[in-house]
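Only the coordinates and a few stated rules stand behind these numbers; no lab work does. Predicted model only: the values in this text are computed from it and were never measured. Positions of Cβ are backbone-derived with ideal geometry, glycine not excepted, and every protein chain shown enters the neighbour counts.
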Amino acid sequence: MSPPPRVVIVGGGFGGLAAARRLSRAPVQVTVVDRQNHHLFQPLLYQVATAGLSPAEIASPIRRILARQNNAEVLLGDVTAVDAEARHLRTADGTTIPFDFLIVAAGATHSYFGRDEWEGPAPGLKTIEDALEIRRRVLLAFEEAEREPDPAIRREWLTFVVIGGGPTGVEMAGALAEVARHTLARDFRHIDPGSARVVLLEAAPRILGAYPEDLSASAARQLETLCVEVYTGSPVTQVDGGGIEAAGRRLAARTVVWAAGVQASPLGRGLGAPLDRAGRVRVAPDLTVPGHSGLFVIGDLASLDQDGRPVPGVAPAAIQMGNHAAENVLRALRDEPLASFRYRDKGSLATVGRRRGVAMIGRLRLSGAVAWLAWLAIHVFFLIGFRNRFVVLFTWAW
């Protein structure tokens, strides 16, 4: 009896896990390879960065998630190369993993637009390590301000800059303002945390550029009620340990967070396929790499246009792509033609703070507390594991 076909999935994020689960009853051997041993709920990373949640509340071990799936195994490894012709991939420690079908869901990381030296003074927010580093810097800033006698330097410690007005930047700025004005309001004796200055910078004419103009304007107004200073049309030209320069002005700040851009995993460059400007692989409509049957790319690493617009790099799209890639693997095993992927947009949501947010669900547009409740319900629904959902709900309710 011949061994079952080997399906290797690179990445244990939303797309990779969706593909693995869809193949749970298929006559295949599934191997999930990830450089981390946990699945991370990235949309809530900013809550860890601002001390609202602990890392364990938004992370679940991949092995535990797939523990009851008898045809699945999990390998810890950093995939560095894929040989599509020889049908194997290689990890950083030299291990070779053969495959019959490959689903690459390696995700994305920060993009500093060619200014990688900015990463030190302005960390991004993609991993638990990033979130913990930002949290360390934020809390340390208040501690340094508490013991600083010079008012000018104290002001620098109490100035927080978020670069990038997308959902991550908006959520981060709102959370920082609430940390200062609510969470830490009574914890210090020599400073008033509520006097902290939170600045959100966006190079485009408005924040949340992918949202309709009315929701973008609503988000800006809600941020202003939290005393967040929002500056649009302000591209950053310099970032260092003492602050930033934007639109010809210097702003002194000891804590800067980068939320301005992302770039695809470098693994995509080794797949022998055309890439877009962000380094994402231009996949065929059935999510395969052109010229390589059985090699699928999904999630943030995939570039695919639909109805003249790119499929967004969000969790629902990654999940749908993962399910579709798995279905096409089953089609291939049955010698059936592969089906084209069709993204079903279930809406876009962003929180601006407690009881504040914006949401676009089909033609329905929500703002304020109703949007925040919708955001909360949907994000908690996607959390893996009952314990995680219960803890997150209890923490926010408290």
Exercise for the section: State the extension gain, in nm to one decimal, for the chain segment bounded by ASP78 and ARG389, taking 0.36 nm per residue of separation less the distance between their alpha-carbons. Expected result: 109.0 nm
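Okay, helix-only estimate at 222 nm for the chain: each DSSP H run of n ≥ 4 adds -39500 (n - 2.57), divide by all residues, round to 500 deg cm²/dmol; what do you get? Intermediate values should be presented prior to the final figure.
Values: 10 runs with 115 residues, N = 398.
About -9000 deg cm²/dmol.
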Fill in the blank from the handout: At the level of C-alpha centres, the distance separating the stretch 39-86 and the stretch 256-331, in angstrom, is 18 Å
Handout entry: Rough spin-label spacing in nm, given labels placed 7 Å along Cα→Cβ, for ALA56 and ARG68
Key = 2.3 nm
Exercise for the section: Could I have the simple spin-label model distance between ARG277 and ASN37, label points 7 Å from Cα toward Cβ, reported in nm to one decimal? Expected result: 4.1 nm
Problem - Additional length obtainable on full extension of the chain from SER2 to ALA217, 0.36 nm per residue less Cα span - result: 71.3 nm
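Between ARG344 and SER195, how high is the FRET efficiency from 1/(1 + (r/R0)^6) when r is the Cβ-Cβ distance and R₀ = 45 Å? Nearest 0.05. Could you put the intermediate results ahead of the total?
Working: r = 46 Å, r/R0 = 1.02.
The value I calculate is 0.45.
Given the Cα-Cα distance of PHE188 and ASP116 and 0.36 nm per residue of separation, how much length would full extension add, in nm? Write down the numbers at each step before the final one.
On the way: separation 72, 0.36 × 72 = 25.92 nm, distance 3.57 nm.
That pair, PHE188 and ASP116, stretches by 22.3 nm at full extension.
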Fill in the blank from the handout: With the stretch 207-349 reduced to its Cα atoms and the Debye formula applied, log10 I(q)/I(0) at q = 0.13, 0.17, 0.20 1/Å amounts to -0.76, -1.02, -1.19
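Once the cut-off is 14 Å, how many percent of the Cα-Cα pairs in the stretch 332-373 end up in the long-distance tail? Write out the running numbers ahead of the final one.
Numbers: 495 of 861 pairs.
The calculated P(r) of the stretch 332-373 puts 57 percent of pairs beyond 14 Å.
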Problem - the chain - convex hull of alpha carbons, volume per residue in Å³ - result: 145 Å³
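I need the peptides 327-337, 50-60 ranked by packing, meaning the mean over residues of other C-beta atoms within 10 angstrom, with the highest value on top. Intermediate results must be reported in sequence, preceding the final value.
Numbers: 327-337: 14.8, 50-60: 19.3.
Output ranking for 327-337, 50-60: 50-60, 327-337.
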Handout entry: Where labels lie 7 Å past Cα in the beta-carbon direction, separation of GLU85 and ALA369 in nm
Key = 6.5 nm
